[in-house]
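Just below is one structure, and these are the notes that go with it.
The values are calculated or read from the model by the stated rules, or taken from the named source; none is laboratory data. Predicted model only: the values in this text are computed from it and were never measured. With ideal geometry, Cβ positions are generated from the backbone for all residues, glycine too; neighbour counts draw on all protein chains shown. Please note that ligands, DNA and RNA were not included when accessible areas were found on the heavy atoms of the full protein model with its side chains. Shrake-Rupley method; radii C 1.70, N 1.55, O 1.52, S 1.80 Å.
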Amino acid sequence: MPRDLFAHITHWVFDLDNTLYPPGVRLFDQIELRMTNFVMETLGVDRSQADHLRITYWREYGTTLAGLMQEHGIDPNPYLTEVHEISLEALAPDRELRERIDALPGRKIVYTNGSAPYAERVIDARGLKGAFDAVYGVEHAGFHPKPDQRAFERIFSADRLDTLKAAMFEDDARNLVVPHALGMRTVHVAPTPHSAAHVQHHTDDLAGFLARLVN
């Protein structure tokens, strides 16, 4: 039973995008467009090249931002502001998800590769304001992105997280490798399962999965 496997958990870590809201709302379409526009304007390349760099840097560095910082030395702060200025009209409050998160015992945090201010906006739009004890963005990890181990170490150290008593919920399976290695219980939240040793559980319904963990 999943409940038995999570009985020791006192620290719950949630990714943000496509985890705390369903991927079908396609917020990342807006973000990706703004990323491409930023790359075009900053590097002086056409749209095709900007899209290529955006995807390549995401694959090689974990985020487009990390690649831009590493390869071009860009200032991350204007980038984070620009790419996250999107409409959240597609989001709606999720009362069931709020109830399930509230029912979890222990400390609950959000950790995203986006910025913390953007995360707070999404959390509010989902009716989850006040549900989490802390919200961490990539800026809190020294701009090191998941799946970089340094990123996890900074966030987990700052939150005084005991990884042996923690669980991680993520839509990107790559970002569960380090948590699994650190002894965390890992949950892949996505429409399609990903078969790998570092993925212990899968769900396409976060609220439904959480309902199975508490009485």
key: Highest-MSF residue in the chain out of PHE143, PHE28, PHE14 [GNM, Cα springs under 10 Å]   = PHE28
note = Of every hundred units of 1.4 Å-probe accessible area on the range 136-209, the number belonging to carbon and sulfur atoms, as a percent, is 49 percent
message = Accessible area per residue for the range 1-47 in Å², computed with a 1.4 Å probe and the full protein assembly in place, what is it?
response = 50 Å²
request  = Rounded to the nearest 10 degrees, what's the angle between the helix 116-125 long axis and the longest principal axis of the chain, both from Cα atoms, 0 to 90?
outcome  = 60 degrees
query = Where in the range 80-160 are there trypsin sites (Lys or Arg not before Pro) that are in a DSSP coil and have at most 15 other Cβ atoms within 10 angstrom of their Cβ?
reply = LYS129, ARG160
query = Once the piece of chain linking HIS52 and ALA90 is laid out straight, how much longer is it, given 0.36 nm per residue of separation minus the C-alpha distance between them?
reply = 10.9 nm
query = Mind checking the dipole of the range 1-123: about its Cα centre, +1 per Lys or Arg Cβ, -1 per Asp or Glu Cβ, Debye to the nearest 20?
reply = 420 debye
Along each principal axis, Cα extent of the range 1-105, largest first, Å = 53, 30, 23
Three-way shape label, the range 149-215, alpha-carbon gyration tensor, a/c 1.5 = oblate
key: Helix axis angle, 27-43 relative to the chain longest principal axis, alpha carbon, degrees   = 30 degrees
task = Please work out how much length the chain gains when fully extended from ALA134 to ARG160, using 0.36 nm per residue of separation minus the C-alpha to C-alpha distance, in nm with one decimal.
result = 8.2 nm
ask   = Using the beta-carbon distance between ASN37 and GLU99 and R0 = 30 Å, what value does 1/(1 + (r/R0)^6) give for FRET efficiency, to the nearest 0.05?
value = 0.20
task = Return the calculated 222 nm mean residue ellipticity for the chain, to the nearest 500 deg cm²/dmol, obtained by summing -39500 (n - 2.57) across DSSP H runs with n ≥ 4 and dividing by the residue count.
result = -12500 deg cm²/dmol
task = Sum up the charges of everything whose Cβ sits under 9 Å from the Cβ of ALA141, counting Lys and Arg as +1 and Asp and Glu as -1, but leave ALA141 out.
result = 0
request  = Find the Rg to Rh ratio for the chain, where Rh is the Kirkwood radius over alpha-carbon pairs and Rg uses the same atoms.
outcome  = 0.96
task = Report the residue, chosen from ALA158, ALA119, ALA173, that carries the largest GNM mean-square fluctuation when the chain is represented by alpha-carbon nodes joined by springs under 10 Å.
result = ALA158
query = Angle, helix 47-61 long axis vs. longest principal axis of the chain, Cα atoms, 0 to 90°, nearest 10?
reply = 40 degrees
message = Once you order the gyration tensor axes a ≥ b ≥ c over the Cα atoms, which shape class does the range 102-154 get: rounded for a/c under 1.5, otherwise prolate or oblate by comparing a/b with b/c?
response = oblate
key: About the Cα centre, charge dipole magnitude for the range 55-181 (Lys/Arg +1, Asp/Glu -1 at Cβ), debye   = 420 debye
